[in-house]
Amino acid sequence: MAVETRLIRLDPDAPEEALLAEAGAVIRAGGLVAFPTETVYGLGGDALNAESSRRIYAAKGRPSDNPLIVHIARREDLARVADASRIPETAWRLAEAFWPGPLTMVLWADDCIPRQTTGGLDTVAVRFPSDRIAQGLIRAGGGFIAAPSANRSGRPSPTTAAHCLEDLDGRVEMILDGGQSTIGLESTIVDLTEADGIVTILRPGYVTREALAAVPGIAGVRLDPALEKQTGVPDEVRPKAPGMKYRHYAPKGALTIVMGDPMAVSQYINTSISTARAAGKRTGVLASAETSDSYAADLVCNIGARGDEEAAAHTLFGALRACDEAGIEVICAEAPGDGTSGLSAAVMNRLLKAAGYHVIKV
Ligand code: TXA
Ligand code: MG
């Protein structure tokens, strides 16, 4: 059933209380509200209401075995969402270091969380976002908002309200517009349910492996084996975050990542683009600021200066959407950074998924 979607603009620095109260009332009544966070926009519903979670899956077109993140607006609420008797000290240390902010922790779920929200799992993913509109909505909506990224399943995550409208018009009651997401990539997800007390990264993000390891008292940090696929581990390793197994972010065109010496990368891309154009294809390039003027493609997206990982994170999803909008059929992307350390690991993780792991080394 289509609903009428209201688009409401808020002041990101001082969100209007009356508008937050209206949006909160929609959540409390079992409705859906798309809202900004510092990472990407979320598609929110009441996390304690099984019916709201069912509506989120339907609106997103997402398989219902793919769990939702529960968003809170106070650190101490972690002990209400997760089973308080099984929260390790590590979780509180990480909350102290990174909350509010772009870190999601997976813990054993409290019984108050419906299994519809956790995709049937006994664990729950919890995040306390730093965005003020997000915090205001969570408080106004009753304190616990389940939200996946606010894209239709398979599309790039939304970093503006316009992206949410493209994907969700007629499927949600409200979209809150707080401008462009500052980070632009989804949160880092860590699993804290392993008996050995080691922090396992399930999805790389703005909070890097190095930053996690630097928190005092942390026993150790490892990558979920499925993430090692980036460096060549076979397909049959099952990711622990169910969502990581689905096709993601993919633009409609065929995307190839090109890695190597910058001169050789430019040359390779120019040749591919002219071959594709000669075959009558519409072409696009995701390029660094240094090279973006040098490509004769139908669309060139500047994803920031070479080595500027924050800029690449901030612009990547918008660039993939822009390729779709321009009907681009063949896309080449310069590899931003080495893809192994810091934020570059997160950017490369998303780009690899978007490209279906199609990488050329020159
Ligand atoms: O930055 C973010 O995390 C954004 C904003 C809106 O907060 N949200 C987001 O949600 O990216 P979503 O649903 O697009 O991605 C959540 C990921 C999925 O891959 C899901 O499988 C995983 O988190 N996840 C959720 N609960 C989990 C659990 N209990 N155990 C393992 N993975 C879980
Ligand atoms: Mg998502």
**Complete:** Within the stretch 200-211, residues being open to solvent by 20 Å² or more (accessible area, probe 1.4 Å), within 14 Å of ligand 1 (Cβ to nearest atom) and either hydrophobic (A, V, I, L, M, F, W, C) or more than 16 Å from residue 129 (Cα to Cα) (or both) number 1
**Request:** Quick one: in the stretch 162-186, of everything that is open to solvent by less than 40 Å² (accessible area, probe 1.4 Å) and part of a helix (DSSP H, G or I), which residue is nearest to ligand 1 (Cβ to nearest atom)?
**Result:** 164
**Asked** When you look at residue 335, is it open to solvent by 20 Å² or more (accessible area, probe 1.4 Å), among the hydrophobic types (A, V, I, L, M, F, W, C) and at pLDDT below 95, yes or no?
**Response** yes
**Message:** I'd like to know if the stretch 110-124 contains one or more residues that are of a type outside the set (S, T, N, Q), open to solvent by less than 20 Å² (accessible area, probe 1.4 Å) and over 28 Å from residue 4 (Cα atoms).
**Reply:** yes
**Asked** Could you give every pair whose Cβ atoms fall below 6 Å, whose first residue belongs to the stretch 110-137 and is assigned by TED's automatic domain parsing to the domain that holds residue 80, and whose second residue is of a type outside the set (Phe, Trp, Tyr) and at pLDDT below 95, counting only separations of at least 6 or pairs across chains?
**Response** 119/65; 119/66
**Message:** I want to confirm something. Restricting to the stretch 267-286 and keeping residues that are out of contact with any strand residue (DSSP E or B) (no Cβ under 8 Å at 6 or more places or on another chain) and part of a helix (DSSP H, G or I), which single residue is most open to solvent (accessible area, probe 1.4 Å)?
**Reply:** 267
**Request:** Could you tell me whether any residue of the stretch 302-312 is open to solvent by 40 Å² or more (accessible area, probe 1.4 Å) and part of a strand (DSSP E or B)?
**Result:** yes
**Message:** Looking only at the stretch 187-199, filter to residues that are open to solvent by 10 Å² or more (accessible area, probe 1.4 Å) and in contact (Cβ under 8 Å) with a residue 12 or more places away in the chain; which one of those is farthest from the chain's Cα centre (by Cα)?
**Reply:** 196
**Asked** In the set 91, 82, 97, which member is touching a residue at least 12 places away in the same chain (Cβ under 8 Å) and open to solvent by 10 Å² or more (accessible area, probe 1.4 Å)?
**Response** 97
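The values are calculated or read from the model by the stated rules, or taken from the named source; none is laboratory data. Just so you know, these numbers come straight off a predicted model, no measurement behind them. Cβ sites come from the backbone with ideal geometry, for glycine too, and all protein chains shown count toward neighbours. Side chains included, ligands, DNA and RNA excluded: accessible areas come from the protein's heavy atoms. Shrake-Rupley method; radii C 1.70, N 1.55, O 1.52, S 1.80 Å.
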